[in-house]
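See below for the structure under consideration.
Here, each number is a calculation from the coordinates, and none is a lab measurement. Note that the structure is a prediction, hence the values are computed from the model and not measured. Cβ: placed from backbone, ideal geometry, glycine included. Neighbour counts: every protein chain shown.
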Amino acid sequence: MFTSILSSKKYWFSVCFIGFGFIIIFSVIEYFMQYSSSTWSTFIEERINHQQWIRYMISRIVGGLIYGMIMGYYFELRKRKSNR
């Protein structure tokens with residue numbers, strides 16, 4: 001069942017969709033938690049001008065991919081078990 005789920009196109013579509021949603025929601029929450037009273041200039045100063053934007057983007061992409069894979073697998077497995 002594991003290999004059939006991983007080879008499914010629906011699974012990878014849901015991984016991308018869920019992962020992208022996770023990236024957006026997590027980034028917005030983190031921004032408001034760290035920079036709530038600040039403006040965009042503080043965020044740009046810390047993330048882009050200090051050359052941390054590469055690490056920031058890689059962490060978001062990897063985190064979104066891992067979360068999307070886990071949740072996508074969970075949803076596909078649940079759907080296949082309910083169809084039996």
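If you take every residue apart from Ser7 with its C-beta less than 15 Å away from the C-beta of Ser7, what net charge results, scoring Lys and Arg +1 and Asp and Glu -1?
That sum, taken over residues with Cβ under 15 Å, equals +2.
Go through 20-28, 75-83 and give me the packing order, highest mean Cβ count within 10 Å leading.
20-28, 75-83
Whole-Hz ³J(HN,Hα) for each residue in region 11-26, computed from phi via Karplus 6.51 cos²θ - 1.76 cosθ + 1.60 with θ = phi - 60°, x for glycine and proline: what do you get?
4, 5, 5, 5, 4, 5, 5, 5, x, 5, x, 4, 4, 5, 5, 5
For the chain, I need the span (max minus min coordinate) of the C-alpha atoms along each principal axis, in Å, sorted largest to smallest.
54, 23, 13
If you build the Cα gyration tensor of region 19-62 and take the root of 5 times each eigenvalue, what three semi-axes come out, in whole angstrom, biggest first?
Ellipsoid semi-axes (Å, largest first): 18, 15, 6.
Relative to the first principal axis of the alpha-carbon coordinates of the chain, what is the inclination of helix 53-82, with its axis defined by its Cα atoms, in degrees from 0 to 90 and to the nearest 10?
Here the helix axis deviates by roughly 20 degrees.
Would you mind counting up the charge near Tyr74? Only other residues with Cβ under 14 Å from its Cβ, with Lys and Arg at +1 and Asp and Glu at -1.
+4
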